[in-house]
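What follows is a short report on a single structure.
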Amino acid sequence: MFAHIREDIQSVFERDPAARTTFEVLTTYPGVHALIAHRLTHSLWNRNLKWLARFIAGLARWFTGIEIHPGATIGRRFFIDHGMGVVIGETAEIGDDCTLYHGVTLGGTSWNKGKRHPTLGNQVVIGAGAKVLGPITIGTGSRIGSNAVVVKDVEPNSTVVGVPGRVVRRSEPRQIDEKRRAMAKKIGFDAYGQTPDMPDPVAHAIDLMLDHLHAVDRRLDSIGDALRGMEVPVRDDTLPALDECELNPGSETDKTKPPE
C-alpha cells in the first residue's frame, strides 16, 4: 500500500506542472488525500471490516469532496486532478496510469447486485464532468472528453466526445517508457481528455452528407449526358434553383412544386 502511495505522489509531478514539492502535494492535493484514504479503506474492505471502511470513506468524502467506494479497485499511479465531485462506484475497476478530472462519475445503471460500474484500462484520461455509466469497458489508452456521457464499450486508443458519447478518433497504441517521469510525453497525455484539433462529430457528419450529395449530383449529370447522347429528351428544369424556392410552402405562389 505504501509503495503505491509513493507512486501516486510521484504521478502528480508527471501530470500537473503546478506541483512543486512533495510536502505541498501531501498537504494540499485533495485527490492525493482521497486516494490515500482509499488505499486504507480498500484494505479494510477486503478484510471484511466493511463498516469501518465505509465510515473512513465517508470522512474522506467530507474532507475532499471526492467519493470513492472502498470496494472499487484502483491500479497504480492513479491521479485525480482538482477532484471535487468525483464519484467512483463499488464495482468500478481502474487500471494503471489513469487520470480523472473534477466532476467525473463512474456510476452504475442498475439496482441489481454484481458488476454495475465501468472498467477502465490502463492510461485512460476522463475529462471534467464526464459520466461513464454501467458495466462497460473503456479500452487502454482511450480519452473521454469533458462532459461526455458514455454508456457503451469503447475500443482501445479511442477519443470519445458528446452526449451520447461518440468515437471521433482512433490512434495507434502508444509505447510506454520505462522511466515514468517522461510518461506525459511518451503516452500522449491530453489534459481533460481534449486536444486542440478535436473534431466536431456533428460537423463531420454534415460534411459526409454534403460529400455524398455532390457525388450524387455528379452521377446524375453523367446519366443525363449519356441519355442526351442517345437522343433521349432530358428536362433540366425539373427541380427549381434553391434561391427560387418560396419560404412559405403553403402559399399560392409556392414555386417548390414540380411542373405538371
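Bear in mind that the values in this text are calculations on the coordinates, not laboratory data. Only a predicted model underlies this, so the values are computations on that prediction, with no experimental measurement involved.
Phi-derived couplings, Karplus 6.51 cos²θ - 1.76 cosθ + 1.60 at θ = phi - 60°, listed residue by residue for region 48-60: 6, 9, 6, 5, 4, 4, 5, 5, 5, 4, x, 5, 4 Hz, with x used for Gly and Pro.
How many angstrom lie between the Cα centre of region 99-164 and the Cα centre of region 1-65? Using only Cα atoms to place each centre, the spacing works out to 21 Å. Close amide H pairs (under 5 Å, H built 1.01 Å from N) link D153 with T137, residues at least 5 positions away or on another chain. Derived scalar couplings between HN and Hα for region 30-46 equal x, x, 5, 4, 5, 6, 4, 4, 5, 4, 6, 5, 5, 5, 5, 4, 5 Hz in order, rounded to whole Hz, by the Karplus curve 6.51 cos²θ - 1.76 cosθ + 1.60 (θ = phi - 60°), x for Gly and Pro.
Close amide H partners of T91, meaning residues 5 or more places away or on another chain with modelled amide H under 5 Å apart, are R116, H117.
Between the amide H of R76 and those of D96, D97, distances stay under 5 Å, these residues lying 5 or more places away or on another chain, with hydrogens modeled in the peptide plane.
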